[in-house]
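*Asks:* Sharing a structure below in C-alpha cells format, with a few things to ask.
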Amino acid sequence: MIPGLPLENKETTIGNMKRIKAVFLIFSFFFIISLLILFFFQTPLNIIFQTITLPIQKWVFISSSKSDAMFTSQQQLQKENNQLRVQLAQMQEIKKDNQALHDQFQTSTPIPQKLLPAEVIGVQQNTLLIDKGEQDKVHRGDIAVFKNNLIGKIAKTTPHISVVVLLSDSSTSFTAETAKTATVGIVTVQDETSIFDNVVLSDKLEKNDVIMTKGDQDLQGHGYPPNLIVGKIVSVDKQASNLFQAAKIQSLVDVADLRMVFVMTQ
C-alpha cells in the first residue's frame with residue numbers, strides 16, 4: 001500500500017502500475033521478436049530497415065577502413081624510418097672508413113703501396129684484433145700503423161684474424177729518437193707507462209718533443225721502420241746522480257677510438 005492516499009485511490013494506482021508493467025513486458029517481447037525477424041528473415045520491413053541503416057553501416061565501414069589504413073600507413077612509415085636510420089648509420093661508417101683510407105694514403109710515411117687496411121674487430125688488454133690474417137699475407141712481426149703513428153706489431157695470425165700487440169705491452173723495446181735534437185734512446189714500458197729510456201745525461205730532452213722510430217729492420221724487412229711517430233714527451237726525469245735520463249711518453253692516438261689500422265706487409 002502507498003501511504004498518504006485513500007484506499008480506493010491506492011488500489012487504482014496499484015492496478016495502473018500492474019497494467020503498465022504488463023504492457024511493457026508485452027512490448028519488449030514483440031520488440032525482441034521484431035528484431036529477430038528483421039535479423040533472420042528478408043522481409044519488406046527488413047529491406048526498409050536495411051535501407052535506413054545502410055548509410056550508417058557505410059559510415060562505420062569507411063571509418064573502420066580508414067582507421068585500419070591509417071594504422072597500416074603508420075606502421076609502414078615507421079618501418080621505412082627505421083630502414084633509413086640503419087642506412088644513414090651505415091653511410092656514416094663508410095664515410096669514416098673512406099676518410100681513414102684517404103688520410104692514410106695521403107701520408108708519405110710509410111709507403112702507401114705496402115699498406116693493408118684492416119678493421120679493428122676487438123680490443124683487449126694491450127692488444128687489438130683485426131680482420132686480416134694469413135690469407136691476406138699478414139705475417140707475425142708485421143707493423144701496424146695509423147697515418148704515420150706506430151700502433152704495434154703483429155704477434156699472432158690465423159687465416160682471417162691477427163693479434164696486434166700495442167706499444168703499451170711490457171714486451172715493447174726498440175730504438176727511437178727525438179724529432180728536434182735526434183737524441184737516441186730505447187722505448188720500453190715500465191709499470192704500464194711508455195718510457196724513452198737510456199738517454200745519456202749530456203743529450204737534451206724537452207717536454208712535448210716527438211719521439212720517432214729510428215729504424216731497426218733486418219735484411220728481410222722485419223722490425224720497426226724509421227720515422228714513425230711513437231708519441232710525445234710529457235715529462236723528463238733527469239738526475240745528476242744517475243748515468244742516464246728518461247722521459248715519459250704519451251701516444252698521439254687513442255687506441256680505444258681506432259676503427260681501422262694499416263698493416264705494413266712484406
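The values are calculated or read from the model by the stated rules, or taken from the named source; none is laboratory data. In this text, all values refer to a predicted model and were calculated from it rather than measured experimentally. All Cβ positions, even for glycine, are placed from backbone atoms using ideal geometry, and neighbour counts span all protein chains on display.
*Asks:* Please state which one of D103, D169 is more than 15 Å from M264 (Cα to Cα), modelled with pLDDT under 85, of a type in the set (D, E, K, R) and under 31 Å from the mean Cα position of the chain (by Cα).
*Replies:* Among D103, D169, only D103 is more than 15 Å from M264 (Cα to Cα), modelled with pLDDT under 85, of a type in the set (D, E, K, R) and under 31 Å from the mean Cα position of the chain (by Cα).
Residue-wise test of (1) of a type in the set (S, T, N, Q); (2) touching a Gly at 6+ places or on another chain (Cβ under 6 Å).
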position	(1), (2)
T188	yes, no
V199	no, yes
N208	yes, no
Q220	yes, no
I229	no, no
V234	no, no
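*Asks:* Give L228, L205 a once-over and let me know the one that is touching a Ser or Thr at 6+ places or on another chain (Cβ under 7 Å), more than 22 Å from F146 (Cα to Cα) and not assigned by TED's automatic domain parsing to the domain that holds R140.
*Replies:* Being touching a Ser or Thr at 6+ places or on another chain (Cβ under 7 Å), more than 22 Å from F146 (Cα to Cα) and not assigned by TED's automatic domain parsing to the domain that holds R140 holds for just one of L228, L205, which is L205.
*Asks:* Also, quick follow-up: Just to be sure I understand, how many residues within the stretch 228-251 are touching a strand residue (DSSP E or B) at 6+ places or on another chain (Cβ under 7 Å), surrounded by fewer than 16 Cβ atoms within 10 Å (Cβ to Cβ) and not in a strand (DSSP E or B)?
*Replies:* Number satisfying all stated conditions: 1.
*Asks:* In the stretch 109-122, is there at least one residue being more than 23 Å from the chain's Cα centre (by Cα), among the charged types (D, E, K, R), modelled with pLDDT of 90 or more and more than 15 Å from Y224 (Cα to Cα)?
*Replies:* no
*Asks:* Which ones in the stretch 211-227 are among the aliphatic types (A, V, I, L, M) and buried (at least 16 other Cβ atoms within 10 Å of the Cβ)?
*Replies:* I211, M212
*Asks:* How about the stretch 188-214: which of its residues are polar (S, T, N, Q), part of a strand (DSSP E or B) and free of Cβ contacts under 8 Å to residues at least 24 places away in the same chain?
*Replies:* Result: T188, Q190.
*Asks:* Given (1) in a loop (DSSP other than H, G, I, E, B); (2) surrounded by fewer than 19 Cβ atoms within 10 Å (Cβ to Cβ); (3) of a type outside the set (D, E), where does T172 come up short, assuming only one miss?
*Replies:* Going through (1) in a loop (DSSP other than H, G, I, E, B); (2) surrounded by fewer than 19 Cβ atoms within 10 Å (Cβ to Cβ); (3) of a type outside the set (D, E) one by one, T172 breaks only (2).
*Asks:* Here's something else I'd like to know. Identify, by number, the condition in (1) farther than 28 Å from K114 by Cβ; (2) surrounded by fewer than 18 Cβ atoms within 10 Å (Cβ to Cβ) that D254 doesn't meet.
*Replies:* Looking at each condition in turn, D254 falls short on (1).
*Asks:* Any idea how many residues of the stretch 238-266 are free of Cβ contacts under 8 Å to residues at least 24 places away in the same chain and within 30 Å of K132 (Cβ to Cβ)?
*Replies:* Total satisfying the criteria: 2.
*Asks:* Could you tell me whether S235 is outside the structural domain of L150 (by TED's automatic domain parsing) and free of Cβ contacts under 8 Å to residues at least 24 places away in the same chain?
*Replies:* no
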